[in-house]
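Here is the structure we will look at, set down as structure tokens.
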Amino acid sequence: MTATDTHRAIEAVWRIESAKLIAGLARIVRDVGLAEDLAQDALVAALEQWPEAGIPDNPGAWLMAAAKNRAIDFLRRSKRLNRKHKELRHELEARQETAVADNDTAIDDEVGDNLLRLMFTACHPVLSSEARVVLTLRLLGGLTTDEIARAYLVPEPTVAQRIVRAKRTLAEERVPFEVPRGSELAARLSSVLEVVYLVFNEGYAATAGDDWMRPGLCEDALRLGRILAELAPKEPEVHGLVALMEIQASRSGARVGPSGAPILLLDQDRARWDQLLIRRGLAALRRAEELGGAEGPYALQAAIAACHARARTPAETNWKRIAALYKTLAELAPSPVVELNRAVAVAMADGPAAGLKLVDPLTSEPLLKAYHLLPSVRGDFLFKLGRLDEARAEFERAASLTRNGRERTLLLQRAASCNQSKP
């Protein structure tokens, strides 16, 4: 294996293991900033040693062991070492042999999930709502500041500053590493749901890189969502979010071709959709509706996804209902991205001209200035209307804005098809 191959493998391992690593360390040192630093130190050690020694059989356990050794060294060097630090050091040393089991299962109480503890810690009320989201995406989702910035349509330096300030605040306020209870749980739940939602979206349609999807993120988000549903069984939006993720995840196997190329919704083989996940999603949606949450933002999106799941063929899709659901969602939570999605549904129900009429005003929306899906959608409408030169320009613009290699290839292919379709 070449050095380049090894570095790529390390990057892949880090994407998979970083959240577990940080969560396990945070539970021990009770400081998420320090936990991330220790995890990063372990990553540096891997970058130094693995190209020569080779990738270990269990890279996650290797990283955890390396990080815990650094935690022991840190505590030994600390001039402020007190009784608690000594207890933690002894705990680290005693648990060294069981690091793999601790990292893999992360179970020792009724909640039983270090990742969940880390998520609620990162969503503590001492932080602003924006800081809670970006910090959790960074620590649990393994997203870079650039990926978070693109997910939120804000400048990258803004995200970086929020992350640094959030970690500093958590340390200064000595926020406990625990899952809250009672009213405090409800207060932090909305931020946690938003984080799970964004992590899932990053896995479902990666903002950058060479892969159309990052299934590991989808799996983490789904697992955390299901745990939240057990933790807050009477919260309709928890079930709404789980429903949305289950139904969306059901399409994962049909969204990528053998070569890794993306397959769009209307071109997917619906026989490959996971019916078990669809049934689970529809059941979660019914639960949300029974709890009175039919018009919550996540339940509405789940209802939209359910329209697709229930259609045996693209032609059977109830686009008018989808458009109506998007209209309700736009009234509840106004967003230019929701309006863009509504335009797509309207175009499918009433024709591309109707969709274009809704999309054109969005071109002056500042938040969508660098959002590649706006020119992509507009290009699709123009193509269907036979305005091929305009469509090609929009597809090329969309390709220039996306950071995902697979998506860029798809958009450039669509741009080329405009020339091929000319009489």
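The values are calculated or read from the model by the stated rules, or taken from the named source; none is laboratory data. What you see is a predicted model; the values in this text were computed from it and never measured. Neighbour counts run over all protein chains shown; Cβ positions are idealised from the backbone, glycine included. Remember, those area values only see protein heavy atoms, side chains included, never the ligands or the DNA or RNA. Shrake-Rupley method; radii C 1.70, N 1.55, O 1.52, S 1.80 Å.
Normalising the average separation of contacting C-alpha pairs (under 8 angstrom, six or more residues apart) by the number of residues puts the relative contact order of the chain at 10 percent. Rounded, prolate or oblate for the range 333-423? Axes are the square roots of the Cα gyration tensor eigenvalues, ordered a ≥ b ≥ c, and the cut-off for rounded is a/c under 1.5. Since a/c reaches 1.5 but b/c is at least a/b, the shape of the range 333-423 is classed as oblate.
Span-like helices, the chain: DSSP H, alpha-carbon axial extent 30 Å or more, mean Kyte-Doolittle 0.5 or greater, which ones?
182-204
Residues of the range 298-328 falling in the label zone of L266, defined by backbone nitrogen less than 19 Å from a point 7 Å along Cα to beta-carbon, are 304-326.
Heavy-atom accessible area for T4, with the other protein chains in place and a 1.4 Å probe, reaches approximately 80 Å².
For the range 140-279, just say rounded, prolate or oblate: build the C-alpha gyration tensor, square-root its eigenvalues into a ≥ b ≥ c, call rounded for a/c under 1.5, and beyond that prolate if a/b exceeds b/c, oblate if not.
Verdict is oblate for the range 140-279.
In the context of the full set of protein chains, the chain has a per residue accessible area of 48 Å² (1.4 Å probe).
Amide H to amide H, with H built 1.01 Å from N, G209 comes under 5 Å of G405, counting only residues 5 or more places away or on other chains. The modelled label-to-label distance between R223 and V44, using points 7 Å beyond Cα along the C-beta direction, is 2.8 nm.
For the pair A186 and A3, the difference between a 0.36 nm per residue extended length and the Cα-Cα distance amounts to 61.1 nm. Given the C-alpha centroids of the range 246-279 and the range 24-77, what is the distance between them in whole angstrom? With the range 246-279 and the range 24-77 each reduced to a Cα centre, they are spaced 37 Å.
How about the range 275-319: which trypsin sites (Lys or Arg not before Pro) there are in a DSSP loop, with at most 11 other Cβ atoms within 10 Å of their Cβ? Write out the running numbers ahead of the final one.
On the way: sites: R279, R280, R286, R287, R310, R312; in loops: R312.
When the trypsin sites (Lys or Arg not before Pro) of the range 275-319 are filtered for loop state and at most 11 Cβ neighbours within 10 Å, R312 remain.
In this structure, the amide hydrogen of V256, modeled 1.01 Å from its nitrogen in the peptide plane, lies closer than 5 angstrom to those of I263, counting only residues at least 5 positions away or on a different chain. Of the solvent-accessible surface of the range 297-405, computed with a 1.4 Å probe over protein heavy atoms with every protein chain present, carbon and sulfur atoms account for 54 percent. Under the simplified labelling scheme, the R286-K369 pair shows an inter-label distance of 4.8 nm, with each label point 7 Å from Cα along Cα→Cβ. Lysine pairs in the chain whose alpha-carbon atoms fall under 15 angstrom of each other, counting only those eight or more residues apart or on distinct chains, come to 4. Taking a ≥ b ≥ c as the square roots of the Cα gyration tensor eigenvalues, the chain comes out prolate, since a/c reaches at least 1.5 and a/b is larger than b/c. The share of accessible area on the range 153-260 that comes from carbon and sulfur is 52 percent, using a 1.4 angstrom probe.
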